[in-house]
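These notes are about the structure you will find just below.
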Amino acid sequence: MYMKNASDMLLLVRYMMKLYEKHLENVQMKYQLSHIEIAIIGFLYNNPEKDTAADIVERRMLPKGNVSAGVEMLVQKELLIRRQDQADRRKIHLSLLEKTFPIVQEIEKINQDFREQIFKKFSEEELKKYEAMNELILQNLKEVLERK
């Protein structure tokens with residue numbers, strides 16, 4: 001399938017997002033978590049060096065208010081703690097608590113299943129090419145967005 005226009009590319013992205021969200025529904029219901037809460041847990045687990053709400057907003061391109069509300073809910077549910085930075089008291093670091101590990105394991109399994117489903121007909125060579133092209137697309141997008 002050749003991407004003739006922007007709507008084809010956007011449709012592909014939307015299908016992928018829809019499928020991924022569908023995969024996460026059971027975890028959301030099982031642990032009574034919102035989409036944003038799962039996104040925060042997943043981000044913090046996969047990016048231990050990026051542990052502030054600002055990092056999540058920047059890297060995941062999520063609305064600041066949604067991330068703040070999600071962090072607050074995770075703190076109340078005792079899944080996350082906040083720690084003030086020793087050098088810069090304005091900076092607050094976020095850490096997952098041990099209670100999140102079963103959730104993280106399920107999210108990681110879902111991520112693995114999701115990748116397997118969408119890449120099941122790819123050869124090893126095609127997968128490497130896809131990853132390289134994706135990296136180029138991401139660089140192009142970042143450059144364009146930084147100029148605006």
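The values are calculated or read from the model by the stated rules, or taken from the named source; none is laboratory data. Nothing here was measured: the structure is a model prediction, and the numbers come from that model. For neighbour counting, all protein chains shown are included, and Cβ atoms are generated from backbone atoms with ideal geometry for every residue, glycine included.
Just one of the numbered conditions (1) under 19 Å from residue 53 (Cβ atoms); (2) outside any loop (DSSP other than H, G, I, E, B) is not true of residue 90; which one?
So the condition that residue 90 fails would be (2).
Select from segment 81-104 the residues that are loosely packed, with under 12 Cβ neighbours inside 10 Å and among the polar types (S, T, N, Q) and write down the one among them that is nearest to residue 57 (Cα to Cα).
If we take residues in segment 81-104 being loosely packed, with under 12 Cβ neighbours inside 10 Å and among the polar types (S, T, N, Q), then 84 is nearest to residue 57 (Cα to Cα).
Can you tell me which residue among 50, 121 is surrounded by 10 or more Cβ atoms within 10 Å (Cβ to Cβ) and charged (D, E, K, R)?
Being surrounded by 10 or more Cβ atoms within 10 Å (Cβ to Cβ) and charged (D, E, K, R) holds for just one of 50, 121, which is 50.
Which of the helices (runs of 4 or more DSSP H) contained wholly in segment 29-86 include at least 2 residues that are modelled with pLDDT under 95?
35-46, 53-60
Which residue pairs have Cβ atoms under 8 Å apart, sit 6 or more places apart or on different chains, and have a first residue in segment 17-38 that is of a type in the set (A, V, I, L, M) and a second that is outside any helix (DSSP H, G or I) and buried (at least 17 other Cβ atoms within 10 Å of the Cβ)?
Sorted first by the residue in segment 17-38, then by its partner, the pairs are 27/33; 36/62.
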